[in-house]
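Since every read-out is calculated from the coordinates, none of them should be taken as a lab result. Values in this document were obtained by computation on a predicted structure and should not be read as measured data. Here the Cβ positions follow ideal geometry from the backbone for every residue, glycine too, while neighbour counts run over all protein chains shown.
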Amino acid sequence: MKSVWPVMRRNRAGRSFRVIVVLVAFPLLALCGNVSGSPRMAIDHQFWNFGTITNGAVLSHDFCISNAGDAPLIISNIASTCGVCLHAYIDTTNVPPGTETLIHAKLDLNVLDGAVTRGVLVNANDPQNPASILELDGVSVRMYQVDPLSPVLDLTAGPNTTTAEITPMFKLRAPLSLVSSEDTNLQADISSEAGGSFLLTVRAADWFPGDSGVVPMTVCSSDTDDPPCSVGVYVRNPPKMELLPTQLVFQAQNGEQTRVLWLKQHGSSPLTLLDAVPPPGDFQTEIDPDPDGYDYAIYVTASQLPSKKGQIGNLLLKMMDTSHQRKDVNVPIVLGLP
């Protein structure tokens with residue numbers, strides 16, 4: 001917007017002349033600048049190379065995040081690309097202009113081997129840079145070569161034994177001779193092999209109460225200056241009997257409905273299914289045994305079910321063990337939504 005006013009002036013000779021004055025009005029926003037402002041995330045370094053290091057270490061490193069803008073910087077989320085080996089946390093998520101915060105990263109090299117690249121994803125309210133990745137790179141060198149890397153102890157058919165060969169990648173002060181485990185139901189020992197290697201032997205007790213999973217073990221020498229060797233033994237120990245599903249759910253409606261119950265058995269002493277007895281009412285059952293084992297498919301058919309929801313009875317599985325003792329199992333039958 002502009003305005004024009006005529007203004008009368010006189011020169012030195014006394015003659016008058018007219019001067020046109022033009023005033024231009026600029027928007028107030030242009031004179032004052034951006035009132036709201038915006039945050040700007042600045043990172044001192046996005047990449048950290050830790051070089052080459054043995055894998056028996058946990059590395060710590062701090063990344064500095066500063067706010068170079070003129071509005072508060074809000075860090076909405078930080079996430080690691082590896083939930084097992086890399087963990088990160090931040091000092092504060094609200095960073096005023098001109099201040100900074102630290103993201104602390106911890107990288108566990110015990111589970112890594114070879115070239116390593118891991119990252120931390122940072123999300124913020126920076127309109128120009130809403131997401132950045134902080135990267136950690138290097139090479140993890142094993143102090144011990146373990147073959148297989150994760151030995152498997154399979155207890156499906158009863159007690160079993162597994163072994164792993166451990167080869168030190170450096171000169172030990174004393175031979176490996178001690179083994180410790182977090183699970184006292186596993187027994188392990190270490191013995192010397194030709195060529196400087198060692199043989200780890202792991203066996204389970206006759207009755208192993210644990211579930212399937214990895215059991216950490218530590219192998220070391222009698223010299224405390226020798227670093228320990230960590231070995232994760234995977235124990236496969238499924239339940240002796242599996243029922244899939246754990247309950248049979250029918251719909252509250254008229255008409256014939258069929259559900260299948262799978263009975264799977266593991267171990268050296270499976271049970272024999274004698275009969276599958278449904279609750280009183282319009283139920284029928286049919287047993288389809290596995291010809292090569294002790295697994296069963298049980299078909300349960302129902303019709304004219306009541307409209308009341310909830311458990312309406314049990315499917316009774318009459319079973320017998322190898323010593324001809326009866327062992328009954330009840331499977332709930334539930335009436336669900338139509």
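Once the Cα atoms of the range 255-295 are picked out, what are the Rg and Dmax in Å?
Considering the range 255-295 through its Cα atoms, Rg and Dmax are 12.8, 42 Å.
Could you work out the Rg to Rh ratio of the range 41-141, with Rh taken as the Kirkwood radius (inverse of the mean 1/r over all Cα pairs)? Mind showing how you got there, number by number?
Values: Rg = 14.3 Å, Rh = 14.0 Å.
Here the Rg-to-Rh quotient is 1.02.
Lysine pairs in the chain 8 or more apart or on different chains: how many have alpha carbons under 25 angstrom apart?
6
Which value, to two decimals, describes the C-alpha radius of gyration of the range 194-338 once divided by 2.2 N^0.38 Å? Please list the in-between numbers first.
Working: Rg = 23.3 Å, N = 145, 2.2 N^0.38 = 14.6 Å.
Dividing the Cα Rg of the range 194-338 by 2.2 N^0.38 Å gives 1.60.
Find the percent of Cα-Cα distances in the chain that exceed 25 Å, and round it to a whole number. Walk me through the intermediate numbers first.
On the way: 41946 of 56953 pairs.
In whole percent, the share of Cα-Cα pairs in the chain beyond 25 Å is 74.
Defining a contact as two alpha carbons under 8 Å apart and six or more residues distant in sequence, what relative contact order in percent does the chain show? Before the final figure, lay out the partial values.
Values: 794 pairs, mean separation 36.1, N = 338.
Across the chain, relative contact order equals 11 percent.
If you build the Cα gyration tensor of the range 214-282 and take the root of 5 times each eigenvalue, what three semi-axes come out, in whole angstrom, biggest first?
Taking √(5λ) for each Cα gyration eigenvalue gives 50, 16, 7 Å.
Quick one: what do you get for the range 89-128 if you divide its Cα Rg by 2.2 N^0.38 Å?
On the way: Rg = 14.4 Å, N = 40, 2.2 N^0.38 = 8.9 Å.
After normalising by residue count via 2.2 N^0.38 Å, the value is 1.61.
I'd like the FRET efficiency for His324 and Val249, computed as 1/(1 + (r/R0)^6) with the beta carbon distance as r and R0 of 41 Å, rounded to 0.05.
Efficiency computed from Cβ-Cβ geometry: 0.75.
What net charge is computed for the residues neighbouring Thr162, neighbours being all others with C-beta under 13 Å from the C-beta of Thr162, Lys and Arg scored +1, Asp and Glu -1?
Numbers: positive: Arg203, Arg236; negative: Asp147, Asp154, Glu165, Asp189.
Spelling it out: positives minus negatives among the neighbours equals -2.
Work out, in µm²/s and without decimals, the Stokes-Einstein translational diffusion coefficient of the range 144-236 at 37 °C, 0.692 mPa s, Rh from Kirkwood over C-alpha pairs.
243
Each residue of the range 73-86 in order: what ³J(HN,Hα) in whole Hz does its phi give by Karplus 6.51 cos²θ - 1.76 cosθ + 1.60, θ = phi - 60°, with x for Gly and Pro?
My calculation for the range 73-86 gives 8, 10, 7, 7, 6, 10, 9, 8, 7, 9, x, 8, 9, 10 Hz in order.
Only helical DSSP H runs with n ≥ 4 go in: add -39500 (n - 2.57) per run for the chain, normalise by residue count and round the 222 nm mean residue ellipticity to 500 deg cm²/dmol.
Rounded to the nearest 500, it is -500 deg cm²/dmol.
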